[in-house]
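The values are calculated or read from the model by the stated rules, or taken from the named source; none is laboratory data. From a predicted model like this one, the values you see are computed outputs, not experimental measurements. Quick reminder, even Gly has a Cβ in these numbers, built from the backbone with ideal geometry, and neighbours come from all protein chains shown. For the accessible areas, the whole protein counts, side chains as well, though only heavy atoms, and no ligand, DNA or RNA atoms are used. Shrake-Rupley method; radii C 1.70, N 1.55, O 1.52, S 1.80 Å.
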Amino acid sequence: MRPNDVRGGGAPMSKRFLEMSMAKLDKVFRDVACAHLKAFVPGNACPDQYVADLGQPPLTFLRRPASEAPSALAPVILILESPHFEEYGDRDHPVPASGRTGDGIRAHLYRALELLEGAESTELDGRPLILANAIQYQCSLGGSEKPGIPTEFHRDSVFERMWNLASKAARTHFRKRLKSYVGAHQPFSPNHLEGYVVINACTKGKLERPLRCMVEDVVRAALPCKSHVTVEHPCNWKPRTRIRPWVYDAD
């Protein structure tokens, strides 16, 4: 997409603005990460991706930049909170939803979409699926060389600190990405089946204020709707077990 292209008839997105925003966010993350774990070497940001066109299962990923999703079709956007070490098999070229997370999405996304009120699964056929991390950096600070450190040991506090910094760089960048992906499309509803769908599949975390609720705050502020589906993290989507929704609590 050229810098001044209009996605689906929406407002022009400035590529330069997003690049400047990312540069600022990159510095914020490196400062926060090094304050938590001085031996940690931050990898690059894990970009959002357009990974599939929905249709009949099984779902297969064909990874492309999120900007390549066809703008004429309203997307299905699946939100995760932040990448973990599995997404950084190549630290210079990380990809979202690797390992168990990607396995869960490919195997069980259609089951999760059964939580979408007012839709038959076939009504979403052909829609582009975009995977988006609320924070595109490895907040867990983990690595395969230290498997004994729980994911949330650093993740929750790093995520919260980045999310609530006075500059609001992480929130702003996430909000801009969301708005660029939906373009001029309206949200899905039983009366507007052609609309975009947002799935908040972020983890809860161990903090008093759940990470997924922090993310949902921004979804509701950025878009004219709440997330259509709020569901547990895809690493917990397993055969023969119920995929559990969760309820948003305002701060």
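With a ≥ b ≥ c taken as the square roots of the eigenvalues of the C-alpha gyration tensor of region 50-111, please select rounded if a/c is under 1.5 and otherwise prolate if a/b is larger than b/c or oblate if it is not? Oblate is the answer for region 50-111, as a/c is 1.5 or above yet b/c matches or exceeds a/b. For Y196, nonlocal amide neighbours, meaning residues 5 or more places apart or on other chains whose placed amide H falls under 5 Å from its own, are Q186, F188. So, with a 1.4 angstrom probe, what is the percent of accessible area on region 131-235 that is carbon and sulfur? Summing carbon and sulfur atoms, their accessible area is 49 percent of the total for region 131-235.
First measure r as the distance between the Cβ atoms of D90 and D251, then evaluate 1/(1 + (r/R0)^6) with R0 = 35 Å and state the FRET efficiency to the nearest 0.05. For R0 = 35 Å, the calculated efficiency reads 0.40. Counted residue by residue at 0.36 nm each, then reduced by the alpha carbon distance between them, the extension gain from L73 to A184 reaches 38.9 nm. Counted as membrane-span-like here are DSSP H helices of the chain whose alpha-carbon atoms extend 15 Å or more along the helix's own axis and whose Kyte-Doolittle mean is -0.5 or above; these are 15-36, 211-222. Only helices enter this figure: runs of n ≥ 4 DSSP H residues, each worth -39500 (n - 2.57), summed and divided by the residues of the chain, yield -10000 deg cm²/dmol at 222 nm to the nearest 500.
With K and R counted +1 and D and E -1, the other residues having a Cβ less than 10 Å from that of R127 yield a net charge of -4.
Protection proxy ranking of 78-87, 153-162, 185-194, by the mean of other Cβ atoms within 10 Å over each peptide's residues and highest first, is 78-87, 153-162, 185-194. Think of the chain as having a plus end and a minus end, set by charges on the Cβ of Lys, Arg, Asp and Glu; of V247, P94, Q56, P94 sits farthest toward the positive end of this dipole. Rolling a 1.4 Å probe over the protein heavy atoms gives region 191-251 an accessible area of 51 Å² per residue. Normalised per residue, the accessible area of region 15-142 is 45 Å², obtained with a 1.4 Å probe and no contribution from ligands, DNA or RNA. Partner lysines whose Cα lies under 27 Å from the Cα of K168, excluding those fewer than 8 positions away in the same chain, are identified as K15, K24, K27, K38, K176, K179, K204, K206, K226.
The residues neighbouring C46, those whose beta-carbon lies less than 13 Å from its own, together hold a net charge of -4 under the Lys/Arg +1, Asp/Glu -1 convention. Label region 87-141 by shape, choosing from rounded, prolate and oblate, from the square roots a ≥ b ≥ c of the eigenvalues of the Cα gyration tensor; if a/c is under 1.5 it is rounded, and otherwise prolate applies when a/b is larger than b/c, oblate when it is not. Since a/c reaches 1.5 and a/b is larger than b/c, the shape of region 87-141 is classed as prolate.
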